[in-house]
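Notes for the one structure printed next.
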Amino acid sequence: MSQAEAFPKAAEGKLADTRLRATLRGATHTIRDRRTAVVAEVGDWEDLRELGRTVKEEALADLGSLLARFEERATAAGATVHWARDAAEACRIVADLITVTEVVKVKSMATQEIGLNEALAARGVHAVETDLAELIVQLADDKPSHLLVPAIHYNRSQIRDLFDASIAAGVDDDPAALAEAARLHLRERFLTASVGVSGANFAIAETGSLVVVESEGNGRMCLTLPDTLISVVGIEKIVPRFADLGVFLRLLPRSSTGERMNPYTSIWTGVTPGDGPQAVHIVLVDNGRTRVLRDPVGRQALHCIRCSACLNVCPVYERVGGHAYGHTYSGPIGAILAPQLTGGHRSLPFASTLCGACYEVCPVKINIPEVLVHLREPPPAEQPVMGAVSAVLSRPRWYRAGLRLARWFAAMAPARRLPWPLSRWTAVRDLPRPEQETFRDWWTRTHGRT
Ligand code: SF4
C-alpha cells in the first residue's frame, strides 16, 4: 500500500467498527468536557498559553546550549547522560545497560516511538508496563491508540475478559475490582524490580532535573524503588529554567486529564546517596527532531507537551481512533509530527478537516492547521494541475472564462462524477454544480457596471 493510501485505507476499516466509534465518542467527550470546565476557571488561561508557547520557542531557538547545560548539571549531580541519534542507537544504549530479565516501566511516548519494548524483548528482557491503560494494551498484545489513554478503544467488559484470562481469574467488571487486580499484579513487580525505565515530561537545563507527571502513582514507584533508573528523553523536552515548570504544571493537567492538578509530579536530579536509584542514566534522543527543527513552519510541532487535548476535540480522531494513523503519535499532533519525524506517513496531513479545534485547545498554541497545510505539498504528479489552477485563479479574465466553461460542462454532463484521474476525488463526494449566475453577473444585472 502506498503512503498516500495508508490512512484512508486504515480509516475505512475503523469507520465500519460501530463499537469502536461509540467507545471513542464517549471517552473523548467526557475528557474534553472536563477540560472545558477546568480551563474556564483560569482567568489568565490565554496569557498562560502564550507564555507556554514563548518558553518552548525560546528553548528550541537555543536547544544546543540548553542541552549542553542540562548534560553538565545532570552529570555533576551523578547521572550519566547518553546521546542517541536514532531509535536503533537509543534501544542499543538502553539494552546494554540492562543485565536483568525484567524491568518496570513508566508510561512513555518516547520509548514507544523508538520501539524499546520490542528491542528489549529481542534481548530477552521483559518490560512490564505499569500504567493501568498501558498494562491493558500490553496484556492484549495490542498497541496504544491515544497519547494519554492508551486503552481508550477498550470498554469495561473487554478489560474484564482480558484480566480474567491473564492476571485475575474470576474478576468482575466493577472498575474498582479491575483496578485492584492490576494493583496486586503490579505491586509484586515493583518490589522485585532492580531496573526502572521512564520517559520525562520535562528536562530542566538550569538544574539537570527530569520531571514526570502522572496520575496513578505507578510512576513514583518506578522512579524510586529500583536500584537503576534509565530515562529516555526526546531532546525537545528541554525547558530553560526550573521556574518554567510553574507555567507547564498549570497548563498540562487541565489540558490532559481535565484536572486542576495531577496527583503525582516527580522531579529528580541525578543521584541522591542512600535514597532512590543509585545509578541514574539519561538517554537523550534525536530520532528526526533536528530535521524537524530545520523547518521554520513545521518545527512548532516540537513544542508539544503531549497533553492529548487536540485528539479529544478532533472529529477525525473521534471516528477512526489512533491505530488508523499507523504511528505512535496519532490525532492532529500525530498528523504533523509523524510525517516530519519519519519522512513518511505522507497521507496523515490530509487526515483533517482543518476545522481548527486542535489549535483552539492546544495549551502551547501550536498552529496545527497551518502546519497541516504546509505539509500538504502536492505530489509531483499533481503539481502541473495545481500550477494550472493557480494560473487561472490569479487572472480574473481566465477565471471568468473558466466559470463559463464549467457551467457549460455541467449542463452538457449532468453526472456528478468526473472521469479518471479526477474520479478519485468524486468517488467520495458529489461534484458541486456551479451556480447558473455568478455574484458578479448578478451585480451587473441588478446594479449595472460600476
Ligand atoms: S499539539 Fe498541543 S493539544 Fe495536541 S497534544 Fe501537543 S500540546 Fe496537546
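Return a yes/no flag: does region 266-287 have any residue that is within 17 Å of the chain's Cα centre (by Cα), crowded, with 19+ Cβ neighbours inside 10 Å, within 16 Å of the ligand (Cβ to nearest atom) and of a type outside the set (Gly, Ala, Ser).
no
If you scan region 167-196, which residues turn out to be touching a strand residue (DSSP E or B) at 6+ places or on another chain (Cβ under 6 Å) and assigned to a loop (DSSP other than H, G, I, E, B)?
193
Test of understanding: among 306, 250, 260, 299, which residue is away from the ligand (no atom under 12 Å from the Cβ) and outside the structural domain of residue 211 (by TED's automatic domain parsing)?
On the way: 306 fails: away from the ligand (no atom under 12 Å from the Cβ); 250 fails: outside the structural domain of residue 211 (by TED's automatic domain parsing); 260 fails: outside the structural domain of residue 211 (by TED's automatic domain parsing).
Exactly one of 306, 250, 260, 299 is away from the ligand (no atom under 12 Å from the Cβ) and outside the structural domain of residue 211 (by TED's automatic domain parsing), namely 299.
Is it the case, given these coordinates, that residue 219 is in contact (Cβ under 8 Å) with a residue 40 or more places away in the chain, touching a Cys at 6+ places or on another chain (Cβ under 6 Å) and crowded, with 24+ Cβ neighbours inside 10 Å? Outline the logic, then answer.
Numbers: in contact (Cβ under 8 Å) with a residue 40 or more places away in the chain: yes; touching a Cys at 6+ places or on another chain (Cβ under 6 Å): no; crowded, with 24+ Cβ neighbours inside 10 Å: yes.
It is false that residue 219 is in contact (Cβ under 8 Å) with a residue 40 or more places away in the chain, touching a Cys at 6+ places or on another chain (Cβ under 6 Å) and crowded, with 24+ Cβ neighbours inside 10 Å.
Which residue, of 140, 122, 95, is of a type in the set (Gly, Ala, Ser) and either in contact (Cβ under 8 Å) with a residue 40 or more places away in the chain or open to solvent by 50 Å² or more (accessible area, probe 1.4 Å) (or both)?
On the way: 140 fails: either in contact (Cβ under 8 Å) with a residue 40 or more places away in the chain or open to solvent by 50 Å² or more (accessible area, probe 1.4 Å) (or both); 95 fails: either in contact (Cβ under 8 Å) with a residue 40 or more places away in the chain or open to solvent by 50 Å² or more (accessible area, probe 1.4 Å) (or both).
Among 140, 122, 95, only 122 is of a type in the set (Gly, Ala, Ser) and either in contact (Cβ under 8 Å) with a residue 40 or more places away in the chain or open to solvent by 50 Å² or more (accessible area, probe 1.4 Å) (or both).
If I ask for residues that are under 23 Å from residue 75 (Cα atoms) and open to solvent by 20 Å² or more (accessible area, probe 1.4 Å), which ones from region 171-203 would you list?
Kept after step one, since they are under 23 Å from residue 75 (Cα atoms), are these residues of region 171-203: 194-203.
Selection gives 194, 201.
Go through (1) more than 12 Å from the ligand (Cβ to nearest atom); (2) of a type in the set (A, V, I, L, M); (3) touching a residue at least 60 places away in the same chain (Cβ under 8 Å) for residue 385 and report which single condition fails.
Here residue 385 meets the rest and fails (3).
Against the conditions (1) open to solvent by 80 Å² or more (accessible area, probe 1.4 Å); (2) over 30 Å from residue 110 (Cβ atoms), where does residue 350 fall short? Just the number, please.
With respect to (1) open to solvent by 80 Å² or more (accessible area, probe 1.4 Å); (2) over 30 Å from residue 110 (Cβ atoms), residue 350 is out only on (2).
Residues are listed down the side, and each one gets a yes or a no for (1) at pLDDT below 95; (2) outside the structural domain of residue 331 (by TED's automatic domain parsing); (3) touching a His at 6+ places or on another chain (Cβ under 6 Å); (4) over 15 Å from residue 230 (Cβ atoms):
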{"residue": "36", "(1), (2), (3), (4)": "no, no, no, yes"}
{"residue": "59", "(1), (2), (3), (4)": "no, yes, no, yes"}
{"residue": "64", "(1), (2), (3), (4)": "no, yes, no, yes"}
{"residue": "70", "(1), (2), (3), (4)": "no, yes, no, yes"}
{"residue": "79", "(1), (2), (3), (4)": "no, yes, no, no"}
{"residue": "84", "(1), (2), (3), (4)": "no, yes, no, no"}
{"residue": "91", "(1), (2), (3), (4)": "no, yes, no, no"}
{"residue": "95", "(1), (2), (3), (4)": "no, yes, no, no"}
{"residue": "102", "(1), (2), (3), (4)": "no, yes, yes, no"}
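When you scan region 409-439, how many residues do you find that are hydroxyl-bearing (Ser, Thr, Tyr) and open to solvent by 90 Å² or more (accessible area, probe 1.4 Å)?
Taking region 409-439 as the starting set, the residues that turn out to be hydroxyl-bearing (Ser, Thr, Tyr) are 423, 426, 438.
The next check asks that each one be open to solvent by 90 Å² or more (accessible area, probe 1.4 Å); those that pass are none.
Going through region 409-439 one residue at a time, the tally reaches 0.
Is it the case that some residue within region 357-378 is surrounded by fewer than 11 Cβ atoms within 10 Å (Cβ to Cβ) and of a type in the set (D, E, K, R)? Outline the logic, then answer.
Going residue by residue through region 357-378, those that are surrounded by fewer than 11 Cβ atoms within 10 Å (Cβ to Cβ) are none.
No, because not a single residue in region 357-378 is surrounded by fewer than 11 Cβ atoms within 10 Å (Cβ to Cβ) and of a type in the set (D, E, K, R).
Considering only region 204-211, I want to know if a residue exists there that is loosely packed, with under 15 Cβ neighbours inside 10 Å and on the phi < 0 side of the Ramachandran plot.
Within region 204-211, the subset loosely packed, with under 15 Cβ neighbours inside 10 Å is none.
Within region 204-211 (the criterion being loosely packed, with under 15 Cβ neighbours inside 10 Å and on the phi < 0 side of the Ramachandran plot), the answer is no, since none of the residues qualifies.
Consider region 222-237. How many of its residues are in contact with a His (Cβ under 8 Å, 6 or more places away or on another chain) and small (Gly, Ala, Ser)?
Number satisfying all stated conditions: 1.
The values are calculated or read from the model by the stated rules, or taken from the named source; none is laboratory data. Because the structure is a prediction, the values reported are computed rather than measured. Here Cβ is always computed from backbone atoms with ideal geometry, including for glycine, and neighbour counts include all displayed protein chains. Heavy atoms of the whole protein, side chains included, go into the accessibility calculation; ligands, DNA and RNA do not. Shrake-Rupley method; radii C 1.70, N 1.55, O 1.52, S 1.80 Å.
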